[in-house]
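First up is the structure itself, then whatever we jot down about it.
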Amino acid sequence: NNQDGGRKNSLFAVLDHAKTAMGSRTIKKWLLRPLVQKNIITQRHDVVDALRSNVGTLQQLSELLGALADIERIIGRIALRRATLLDYVALKDSLAITPTIKNFIQQQLATRLGTMLHEKIVDFSPLHDLLSCSINDDNSRSILIKPGYDYQLDKLRSLLENGQQAILQLEQQEIARTGITSLKIGYNHISGYYLEVTQANSEKVPPDFIHQQTLANRKRFVTQALKDLERDLLRAQNELEAIEADVFERVKREVETYLPSLRHLAQSLATLDALFGFAIAAYEYRYCKPTFNDQRTITITNGRHPVVEQNINAAFTPNDTQLATTASTWIITGPNMGGKSTYLRQVALINLMAQCGSFVPAETADLSLLDRIFTRIGSGDNVAEGKSTFLVEMEETATICTQATKNSLVILDEVGRGTSTFDGMALAQAIIEFIHHKIQARCLFATHYHELTQLAATSTSIVNYHTACKRLNDTVVFLHKIIPGVAEGSFGLEVAKLAMMPAAVVQRAATILKNVHHLQNRAHQKTLFDAAVSSPQACDHHAQLQTLENTVIHLQKELDGAHAALAKLHALDCANLTPKQALDFLWDLTQNSKTN
């Protein structure tokens with residue numbers, strides 16, 4: 001996501017129901033690289049459809065995939081000769097499951113892609129037998145190779161085990177010979193084997209004991225017999241480690257001969273797991289199987305935003321889409337928080353999901369194969385390179401204008417808002433006209449420039465839509481429904497109230513807005529008057545128009561006076577008003593009325 005770069009609240013999080021890490025990586029790769037070939041896309045859809053239609057099949061496959069290790073990563077470590085003993089054990093356990101998965105695909109996935117996956121899973125029983133016989137899978141034993149696999153290795157291990165018995169026998173012999181019952185044979189990595197005698201028994205030590213070390217209350221000795229036995233045991237131990245490493249290396253080289261087949265296996269299992277994840281999402285979230293047409297038409301019935309609907313605590317309001325040659329550009333108006341941005345994104349995501357091989361959140365979806373999806377949404381700057389927010393916006397929009405084709409989907413949200421009103425509106429109109437007439441791409445354009453809705457009169461394939469809402473007392477209720485027509489307004493002050501903006505700020509904004517509208521109306525009236533005067537046909541009516549303008553100005557002046565009087569009345573504190581103050585107020589009101 002754009003907040004912290006994590007998977008929370010992302011499309012990947014919604015679709016990733018894979019049981020293995022390699023399946024999750026495959027889903028992520030598919031989302032980053034959607035397909036453009038219809039036959040390959042429909043092959044994925046067929047597998048998802050076959051899995052989703054049978055709950056028992058999904059449960060069975062879930063158990064099988066859940067028992068697999070990350071074979072992709074294990075194979076990579078084997079190829080780099082960095083695999084550990086645990087990697088080979090995990091590979092062995094996974095290979096034990098693959099025959100069952102192969103049989104499952106053959107019986108349950110009678111589709112083109114299912115057949116291809118089945119063919120890539122070859123017979124790995126020789127490799128499984130090799131690993132089962134050779135690799136130690138007993139965690140309680142610190143060895144690499146199982147007993148019984150190599151004769152020389154087993155012989156050395158037997159010698160070492162017998163050598164320990166020889167140490168115990170030598171200890172008993174020395175106790176009997178010296179009469180020191182507390183005598184013990186010990187071992188450490190520094191001194192090796194030694195005979196340990198307490199200080200109290202030091203007089204009983206025979207002459208052939210060679211003194212090695214004196215401690216606080218005991219002494220340590222060695223004998224020639226102990227040295228010879230230690231030498232034999234150390235030689236056996238060193239030979240054992242070398243031979244075991246050599247046997248392990250031989251096993252690893254034999255496993256490497258299977259790497260090409262193992263890569264095909266990992267790819268097949270990762271693909272199957274990713275399609276399983278898509279099937280789980282389709283089943284749990286009620287997705288539909290999309291279809292594709294060659295008319296560049298995008299028809300979606302009751303489409304939903306896949307991420308938003310999973311994160312709201314209410315029912316998601318679905319919307320229809322009909323982007324066709326007769327309505328290829330939509331100009332969408334409506335209030336903030338009305339759902340314009342959500343709608344734009346959901347149309348793009350539905351097309352993206354479909355071309356990844358996933359089912360889509362809608363009742364029906366008949367889509368056109370897109371070569372690209374272009375978006376210009378949100379705001380961001382790059383001050384480190386001297387780029388303002390508006391410059392970044394224009395650069396991204398320029399990319400769309402130069403790289404989009406008629407087979408692209410373009411979604412634009414509030415283009416032109418980063419500069420002055422008239423500059424932004426002029427740029428927005430020019431961009432719409434260029435995309436519509438020159439590029440001819442399918443385009444959804446959300447804007448607060450209501451003047452742009454007049455473009456629908458210039459072309460039959462430019463249509464106006466807006467997000468439905470209703471005024472309720474001093475607030476606005478968002479219906480989140482996209483319907484034909486132009487919105488009444490942007491309801492910015494109402495949204496500010498919902499954001500808990502201080503009442504004084506909202507009231508002041510309302511006053512400023514009223515004054516701006518008044519000035520715009522006066523300017524509009526003067527524009528009409530000037531146009532009438534400059535017209536040759538209107539010269540005879542110049543005097544009448546001048547009189548009409550004077551009348552309008554006079555009426556406006558009276559209206560302003562009435563508003564001022566009403567404002568004073570509203571501000572009057574009647575509960576604490578004295579009779580004299582009331583008479584003074586009426587006198588002032590009367591005098592002002594006469595003056596006006």
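The values are calculated or read from the model by the stated rules, or taken from the named source; none is laboratory data. Computed from a predicted structure; not experimentally measured. As a convention, Cβ positions derive from the backbone with ideal geometry for all residues, glycine included, and neighbour counts pool all protein chains shown. Accessible surface areas use protein heavy atoms only, side chains included; no ligands, DNA or RNA. Shrake-Rupley method; radii C 1.70, N 1.55, O 1.52, S 1.80 Å.
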When every residue in the stretch 381-424 that is under 30 Å from residue 297 (Cα atoms) and of a type in the set (S, T, N, Q) is compared, the one nearest to the chain's Cα centre (by Cα) is 408
Residue pairs within 8 Å by beta carbon, gap of at least six or interchain, first lying in the stretch 176-203 and among the polar types (S, T, N, Q) and assigned to a strand (DSSP E or B), second surrounded by fewer than 16 Cβ atoms within 10 Å (Cβ to Cβ) and at pLDDT 85 or above, listed first then second, are 198/182; 198/217
Of those in the stretch 475-485 that are out of contact with any helix residue (DSSP H, G or I) (no Cβ under 7 Å at 6 or more places or on another chain) and without any contact (Cβ under 8 Å) to a residue 60 or more places away in the chain, the residue least open to solvent (accessible area, probe 1.4 Å) is 485
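Table: residues versus (1) aliphatic (A, V, I, L, M); (2) out of contact with any Lys or Arg (no Cβ under 9 Å at 6 or more places or on another chain).
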| position | (1), (2) |
| --- | --- |
| 288 | no, yes |
| 291 | no, yes |
| 300 | yes, yes |
| 303 | no, yes |
| 309 | no, yes |
| 312 | yes, yes |
| 316 | no, no |
| 319 | no, no |
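Can residue 273 be described as part of a helix (DSSP H, G or I), at pLDDT 95 or above and acidic (Asp, Glu)? Full working, then the answer.
Working: part of a helix (DSSP H, G or I): yes; at pLDDT 95 or above: yes; acidic (Asp, Glu): yes.
Against the criterion (part of a helix (DSSP H, G or I), at pLDDT 95 or above and acidic (Asp, Glu)), residue 273 qualifies.
Taking the options 156, 131, name whichever one is under 29 Å from residue 79 (Cβ atoms) and crowded, with 18+ Cβ neighbours inside 10 Å. It would help to see each step written out before you state the result.
Details: 156 fails: under 29 Å from residue 79 (Cβ atoms).
Matching residue, one of 156, 131: 131.
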Given (1) farther than 30 Å from residue 251 by Cβ; (2) part of a helix (DSSP H, G or I), residue 110 misses just (2)
Residue 97: passes all of (1) among the aliphatic types (A, V, I, L, M); (2) closer than 22 Å to residue 20 by Cβ; (3) modelled with pLDDT under 90 but (3)
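Among the residues that make up the stretch 266-277, is at least one of them without any contact (Cβ under 8 Å) to a residue 24 or more places away in the chain and either of a type in the set (Lys, Arg) or open to solvent by 10 Å² or more (accessible area, probe 1.4 Å) (or both)? Quick ask: steps written out before the conclusion?
If we filter the stretch 266-277 for residues that are without any contact (Cβ under 8 Å) to a residue 24 or more places away in the chain, which is where we start, we get none.
No: zero hits.
So in the stretch 3-41, with the set limited to residues that are among the polar types (S, T, N, Q) and without any contact (Cβ under 8 Å) to a residue 40 or more places away in the chain, which one is most open to solvent (accessible area, probe 1.4 Å)? Full working, then the answer.
As a first pass, look at the stretch 3-41 and keep what is among the polar types (S, T, N, Q): 3, 9-10, 20, 24, 26, 37, 39.
Okay, now just the ones that are also without any contact (Cβ under 8 Å) to a residue 40 or more places away in the chain, so 3, 37, 39.
Working: 3: 157, 37: 103, 39: 92 Å².
Going through the qualifying residues, I end up with 3.
Taking the residues in the stretch 486-503 that are in contact (Cβ under 8 Å) with a residue 40 or more places away in the chain and under 14 Å from residue 333 (Cβ atoms) as candidates, determine which candidate is surrounded by the fewest Cβ atoms within 10 Å (Cβ to Cβ). Reasoning before the result, please.
From the stretch 486-503, those in contact (Cβ under 8 Å) with a residue 40 or more places away in the chain are 486-487, 489-492, 494-495, 498; that's our starting set.
Checking the rest, the ones that are also under 14 Å from residue 333 (Cβ atoms) come to 486-487, 489-492.
Working: 486: 17, 487: 22, 489: 16, 490: 17, 491: 21, 492: 14.
Looking at the filtered set, the residue picked out is 492.
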Given the conditions (1) in a helix (DSSP H, G or I); (2) closer than 25 Å to residue 58 by Cα, every one holds for residue 306 apart from (1)
Return yes when residue 83 is closer than 30 Å to residue 129 by Cα, open to solvent by less than 50 Å² (accessible area, probe 1.4 Å) and not in a helix (DSSP H, G or I) and no when it is not.
yes
Checked pairs for the stretch 281-310, first of a type in the set (Asp, Glu), second in a loop (DSSP other than H, G, I, E, B), C-beta under 6 Å and 6 or more apart or across chains, list as 309/316
Residue pairs within 6 Å by beta carbon, gap of at least six or interchain, first lying in the stretch 429-443 and under 18 Å from residue 368 (Cα atoms), second part of a helix (DSSP H, G or I), listed first then second, are 441/435; 443/435
Residue pairs qualifying under the 9 Å Cβ cut-off, at least six apart or on distinct chains, with the first in the stretch 205-221 being small (Gly, Ala, Ser) and the second being not in a strand (DSSP E or B), are 216/199
When the stretch 444-474 is checked residue by residue, the ones that are in contact (Cβ under 8 Å) with a residue 60 or more places away in the chain, outside any strand (DSSP E or B) and either loosely packed, with under 13 Cβ neighbours inside 10 Å or touching a Phe, Trp or Tyr at 6+ places or on another chain (Cβ under 8 Å) (or both) are 452, 460
If you check residue 368 against the conditions, is it in contact with a Phe, Trp or Tyr (Cβ under 6 Å, 6 or more places away or on another chain), surrounded by 13 or more Cβ atoms within 10 Å (Cβ to Cβ) and under 29 Å from residue 48 (Cβ atoms)? no
